[in-house]
1. Any idea how many residues of region 106-124 are more than 16 Å from ligand 1 (Cβ to nearest atom) and open to solvent by less than 10 Å² (accessible area, probe 1.4 Å)?
2. Out of (1) more than 9 Å from ligand 1 (Cβ to nearest atom); (2) closer than 24 Å to Ser40 by Cα; (3) buried (at least 19 other Cβ atoms within 10 Å of the Cβ), what's the single condition that is false for Leu187?
3. Taking Ala161 and the conditions (1) without any contact (Cβ under 8 Å) to a residue 24 or more places away in the chain; (2) part of a helix (DSSP H, G or I); (3) under 19 Å from Ala196 (Cβ atoms), which numbered condition does it fall short on, given that it satisfies the others?
4. Could you please let me know if Ile146 is assigned by TED's automatic domain parsing to the domain that holds Val183, within 14 Å of ligand 1 (Cβ to nearest atom), without any contact (Cβ under 8 Å) to a residue 12 or more places away in the chain and among the β-branched types (Val, Ile, Thr)?
5. Out of all the residues in region 11-28, is one or more touching a residue at least 60 places away in the same chain (Cβ under 8 Å), open to solvent by less than 100 Å² (accessible area, probe 1.4 Å) and among the aliphatic types (A, V, I, L, M)?
6. What are the residues in region 159-175 that are over 13 Å from the mean Cα position of the chain (by Cα) and farther than 17 Å from Leu139 by Cα, if any?
7. In region 30-57, what residues are touching a strand residue (DSSP E or B) at 6+ places or on another chain (Cβ under 7 Å) and of a type in the set (D, E, K, R)?
8. Of Asn178, Asn197, which residue is within 16 Å of ligand 2 (Cβ to nearest atom) and part of a helix (DSSP H, G or I)?
Amino acid sequence: MLESQLKYDLDQERIDEIARMSRPQVSVIGLGGAGCNIVSWIKQRGMTGGRLLALNTDANHLSICKADKRILIGEKTTHGLGCGGYAEKGEQALRESLEVIKKEIAGSSIVFLVSGLGGGTGTGASCALAESLKGTGPLVVGVNTIPFAIERVRMETARSAIERLKKACDTVVTIDNNKLVKVAGDLPFQEALGVANELVGVFVKDITETITTASLINLDFMDLRAIMEKKGIAAIGAGWGQGEEKVEKAVKVALDGQLLDINDVTKAYGVLIHVSGGEDLTLDEVYRSGEMVTKSISPKAKIIWGAKVVPEMQGSAHVFVCLTGVESAFLNQTQKPKRFKLF
Ligand SMILES: Nc1nc2c(ncn2[C@@H]2O[C@H](COP(=O)(O)OP(=O)(O)OP(=O)(O)O)[C@@H](O)[C@H]2O)c(=O)[nH]1
Ligand SMILES: [Mg+2]
């Protein structure tokens with residue numbers, strides 16, 4: 001009797017141990033000003049199951065950043081002063097600090113590289129880090145914002161960075177700041193940036209938590225890998241709904257293309273749907289959201305789900321969809337941005 005009890009206890013311990021060992025390790029790295037702001041947003045909200053790193057060449061900005069670990073990169077290259085919009089400098093700074101970064105993220109199963117494209121540090125360092133991580137083991141997911149149209153010259157910098165990231169990362173999720181601002185309404189610039197940071201922050205936080213902790217529906221890391229590994233560009237959409245049919249309403253908004261940086265959703269290879277809602281959220285509602293997506297996209301697309309209950313969200317639902325293997329509308333814009341005429 002005692003012996004069998006002992007064996008039972010050992011088996012239980014072994015299950016817990018294997019569960020601990022097999023839990024994917026997630027590193028979320030914010031690079032440059034925007035990337036660090038997004039990491040700070042996540043840190044302030046709290047995230048379980050992943051590690052938050054903030055990397056910048058700008059010591060001042062880094063000092064007000066919130067993260068599990070902050071790293072001043074390229075001290076010799078930039079002396080803590082930032083890159084002033086020069087992506088080559090950002091790249092050089094990253095190379096200078098590469099070994100330190102690699103040690104910090106050793107053993108990760110998934111690495112998110114979060115940055116706002118168009119400047120120096122985030123653009124150059126994201127490209128260089130993605131290239132040096134390629135083929136080394138972890139699933140590398142770039143999460144990048146596209147500059148505002150008013151930042152004309154930065155658009156070209158961003159475009160060539162996306163081309164590079166597309167080759168180096170498994171998936172590059174592009175989020176257009178211009179569309180975000182439209183969705184957010186008539187907000188002052190700083191507040192509009194806050195909305196952008198929140199959307200990107202929620203996306204990274206929800207994926208991380210659903211693959212590392214128990215939730216209503218857990219996303220399996222291997223499923224995530226299947227839709228994101230070597231898939232090129234991805235786009236995300238988000239929607240909110242309330243009352244009856246809240247999930248359906250949220251899915252409709254998420255797919256209506258206001259935010260998605262793609263021209264043709266039917267070409268998506270894979271879809272990740274994440275639903276958050278109050279304790280009234282039912283599994284049926286969540287599965288129905290999948291059916292809606294299948295109808296709007298393509299019956300051939302591979303769909304994976306994650307869902308979690310947030311007690312404060314009673315009566316409402318938040319849905320994000322991530323469409324992988326798509327073509328970026330931004331990248332396909334052939335016309336060059338118009339230049340300012342000075343005289
Ligand atoms: N979503 C979001 N985008 C931002 C934010 N700050 C800047 N951006 C966008 O990101 C681009 C890059 O800006 P930063 O991240 O500040 O630049 P950086 O990478 O620090 O580059 P350097 O300062 O030149 O070293 C900008 O052109 C904006 O389009 C932010 O807080 N949130
Ligand atoms: Mg900066």
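1. Count: 2.
2. Going through (1) more than 9 Å from ligand 1 (Cβ to nearest atom); (2) closer than 24 Å to Ser40 by Cα; (3) buried (at least 19 other Cβ atoms within 10 Å of the Cβ) one by one, Leu187 breaks only (3).
3. The failed condition is (1).
4. On the way: assigned by TED's automatic domain parsing to the domain that holds Val183: yes; within 14 Å of ligand 1 (Cβ to nearest atom): yes; without any contact (Cβ under 8 Å) to a residue 12 or more places away in the chain: no; among the β-branched types (Val, Ile, Thr): yes.
No.
5. The answer is yes, given that some residue of region 11-28 is touching a residue at least 60 places away in the same chain (Cβ under 8 Å), open to solvent by less than 100 Å² (accessible area, probe 1.4 Å) and among the aliphatic types (A, V, I, L, M).
6. Going through region 159-175, the residues over 13 Å from the mean Cα position of the chain (by Cα) turn out to be 159-168.
Answer for region 159-175, where residues must be over 13 Å from the mean Cα position of the chain (by Cα) and farther than 17 Å from Leu139 by Cα: Arg159, Ser160, Ala161, Ile162, Glu163.
7. Lys43, Arg51
8. Asn197
The values are calculated or read from the model by the stated rules, or taken from the named source; none is laboratory data. Computed from a prediction, not measured in an experiment: that's the story for all the values here. No Cβ is skipped: glycine too gets one built from the backbone with ideal geometry, and neighbour counts run over all protein chains shown. When the accessible area is computed, the model is the full protein with side chains, heavy atoms only, and any ligands, DNA or RNA have been set aside. Shrake-Rupley method; radii C 1.70, N 1.55, O 1.52, S 1.80 Å.
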